[in-house]
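The numbers here are math on the coordinates, done by the rules we state, and not lab data. None of the values given here were measured: they were computed from a predicted structure. When we count neighbours, we look across all protein chains shown, and the Cβ atoms used for this are built from the backbone with ideal geometry, even at glycine.
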């Protein structure tokens with residue numbers, strides 16, 4: 001761990017004040033199919049009229065990090081300019097057989113699995129170049145998984161500010177409270193990136209957390 005990270009962990013607010021930037025580079029992280037690209041698209045559509053890329057039900061559809069710079073968010077008199085990094089879904093294990101379920105042949109499935117594994121490595125490396133993390137979790141799933149714990153641990157080890165988006169609250173079995181209970185040390189905002197539910201509150205917390 002570098003000296004800059006150690007200082008940031010020990011003197012959080014002072015570090016933020018001294019090294020305040022004109023814009024923050026925020027990474028959108030989470031497991032596959034949590035809704036990372038859907039959320040990135042929602043943010044960009046709301047503030048730029050553009051999108052980051054296409055979302056898909058196929059796991060690991062995003063296999064390379066995508067960067068969009070200079071997105072300006074204005075809420076309640078606060079102004080925040082961010083660079084958004086939409087990262088590949090993180091997983092502890094990627095098996096080519098999971099891609100066979102989506103009609104791919106074995107050769108294509110193995111290629112996808114290899115690219116997805118490389119994407120996970122790239123996503124972890126990006127943590128060293130970020131000012132904060134927006135972590136997306138599926139509120140209809142059990143949040144206390146190995147990958148979620150590992151992601152949070154990696155972010156905390158680097159002393160990065162973290163905001164958790166409890167996504168998919170439009171689903172009948174969604175429970176953002178489970179995410180709050182699993183990770184009480186971090187702020188959690190319930191949203192539906194697909195439906196746009198509670199997105200205004202997400203922007204407010206983004207401005208407060210990273211502004």
> Residues of region 192-211 with amide nitrogen under 16 Å from the 7 Å Cα-to-Cβ point of residue 81?
Replying inline: 211
> Fully extended, how many nm does the chain gain between residue 72 and residue 95 (0.36 nm per residue separation, minus their Cα-Cα distance)?
Replying inline: 4.4 nm
>> Along the Cα→Cβ direction, 7 angstrom out, place labels at residue 145 and residue 124. What is the inter-label distance in nm?
In response: 1.7 nm
>> If I take the Cα coordinates of the chain and project them onto the principal axes, what are the three extents in Å, biggest first?
In response: 53, 38, 34
